[in-house]
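Let me begin by presenting the structure, written as structure tokens, before commenting on it.
The values are calculated or read from the model by the stated rules, or taken from the named source; none is laboratory data. None of the values given here were measured: they were computed from a predicted structure. Cβ: placed from backbone, ideal geometry, glycine included. Neighbour counts: every protein chain shown.
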Amino acid sequence: MTHIVVVGAGQAGAALAAKLRALGFGGRLTLIGEEPVAPYQRPPLSKKYMLGEMALERMFLRPRSFYAEQEIDLVTGQRVAAIDPAARTLRLEGGEGLRWDKLALTTGSAPIRLPAAIGGELGGVYTMRSLADADAMAAEFRPGRRVLIVGGGYIGLEAAAVAASKGLQVVLVERAGRILQRVAAPETSDFFRELHRAHGVDLREGVGLTGLTGTDGRVTGARLSDGSALEIDFAIVGVGIRPATALAERAGLEIDNGIKVDRLGRTSAPDIFAAGDCASFPWQGRRIRLESVPNAIDQAEAAAAAMLGGSEPYIARPWFWSDQYDVKLQIAGLNTGYDCVVARRAGGATSFWYFRGDRLLAVDAMNDPRAYMAGKRMIDTGRSPDMTALADPSTDLKALAQGARSNAAQAADTAA
């Protein structure tokens, strides 16, 4: 009987295992996770779960009974120590070995932590990546306490929103010149800077962390690159994540900003596949890695089909979201290489549209689901709207999307 093993019990691993059964795989199926709980949602950790708006049982992707009903052997609290692609075996840290016929790596990503030399290992210094992280810092979120948040990306901003909403004194430092500098246009940075400052966050851009100080092994202060010093009760580090590739590297798999896979999710080793945050794949003539729930699910399901002999390539349609205070940000597409941003404001809704030349690349929509849906539809179908009409809030987005010209036609006109 064929045995498929899935290493990594996050969103991608759970989706891949479920899809294998949905596609009719009747062999032995094992899903191995490092955490001691069943697969759960990660996005609410820094949002609704920390705010107390989502109970633990709602965090789980599926009830535990699902895995038994689907005859998925769910192994939790176990780390895979080594993989032998030639022998088609793996070894758990406890010493137990498993033989597999096909293997999927959905190992996700890990947060970047502060070095011990600058206080990264002091008590009261947290990252926000796992259920254990969220539970460990829950008691810290009490009104009046002082928190330092290091990093002005989406994780840091979401943590700041939770802390400010709970009545904490929040200082957020971002070493780069502006928040969201790596992922968004200045217009989007401006929007969220104003939002956080309106909620009392002391947001400092172009200021890095020099070091954390502590007493009796517990953080009590921070030194910043502008020479200032803070007294703090705890700190949250949100300076990015890295793909979890160590296991694949030790097994000799090819790595390229993640585990390198082809359009079917196949790695450089026979019968080993990868999907989710840990995997980089070809997209529009380049190689990318997407850190998002939609990608984790869609890529994992495509890999599951390929493991069973399917030949349909995975075509990514990137989209993301972030919740901060009463603002829901929805992002469609990837803005890499943009040279123009068109702002559209209609009532309480705001959206920023990224173009390269006349071609629409991406849209950031704040409390504007219509803009998000219209933009996503145009990006998915390879069409771009007239920028002047787009900026006019009286222009109907649905009509604009229907009348948008294909990128191929625009390119032909340019060439002529």
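Summary table below
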quantity: From GLU35, GLU69, residue being more than 19 Å from the chain's Cα centre (by Cα) and among the acidic types (Asp, Glu); calculated: GLU69
quantity: Flag if LEU122 is modelled with pLDDT of 95 or more and more than 23 Å from the chain's Cα centre (by Cα); calculated: yes
quantity: Region 37-71, residues that are over 22 Å from LYS166 (Cβ atoms) and part of a loop (DSSP other than H, G, I, E, B); calculated: VAL37, ALA38, PRO39, LEU61, ARG62, PRO63, GLN70, GLU71
quantity: From the options ALA159, ALA184, residue that is under 24 Å from GLU35 (Cα atoms), under 18 Å from the mean Cα position of the chain (by Cα) and surrounded by 22 or more Cβ atoms within 10 Å (Cβ to Cβ); calculated: ALA159
quantity: Matching residues in region 213-243 - criterion: being of a type in the set (Gly, Ala, Ser), surrounded by fewer than 13 Cβ atoms within 10 Å (Cβ to Cβ) and in contact (Cβ under 8 Å) with a residue 12 or more places away in the chain; calculated: GLY217
quantity: Restricting region 72-103 to residues that are assigned to a strand (DSSP E or B) and within 29 Å of VAL239 (Cβ to Cβ), the residue that is farthest from the chain's Cα centre (by Cα); calculated: ALA81
quantity: Enumeration of residues in region 389-408 that are at pLDDT below 75, part of a helix (DSSP H, G or I) and in contact with a strand residue (DSSP E or B) (Cβ under 9 Å, 6 or more places away or on another chain); calculated: ASN407
quantity: Candidates GLU158, GLU174, GLU187, filtered to the one that is outside the structural domain of THR350 (by TED's automatic domain parsing) and in contact with a helix residue (DSSP H, G or I) (Cβ under 6 Å, 6 or more places away or on another chain); calculated: GLU158
quantity: Selection within region 32-57 - more than 17 Å from ALA296 (Cβ to Cβ) and either assigned by TED's automatic domain parsing to the domain that holds ALA164 or crowded, with 17+ Cβ neighbours inside 10 Å (or both); calculated: LYS47, LYS48, TYR49, MET50
quantity: Residue under evaluation ILE4, criteria (1) in a helix (DSSP H, G or I); (2) in contact with a Leu (Cβ under 7 Å, 6 or more places away or on another chain), criterion not met; calculated: (1)
quantity: Where a residue in region 73-97 is assigned by TED's automatic domain parsing to the domain that holds GLU35 and in contact (Cβ under 8 Å) with a residue 40 or more places away in the chain and its partner, wherever it lies, is part of a strand (DSSP E or B) and among the polar types (S, T, N, Q), with Cβ under 8 Å and at least six apart; calculated: ASP73/THR30; VAL75/THR30; ILE83/THR89
quantity: Test: LEU203 is more than 21 Å from TRP321 (Cβ to Cβ) and over 26 Å from the mean Cα position of the chain (by Cα); calculated: no
quantity: Qualifying residue in region 287-307 (condition: over 26 Å from PRO44 (Cα atoms), part of a loop (DSSP other than H, G, I, E, B), touching a residue at least 12 places away in the same chain (Cβ under 8 Å) and of a type outside the set (Asp, Glu)); calculated: no
quantity: Residue satisfying all of: in region 322-340; touching a residue at least 60 places away in the same chain (Cβ under 8 Å) and surrounded by fewer than 20 Cβ atoms within 10 Å (Cβ to Cβ); nearest to ARG370 (Cα to Cα) among these; calculated: VAL327
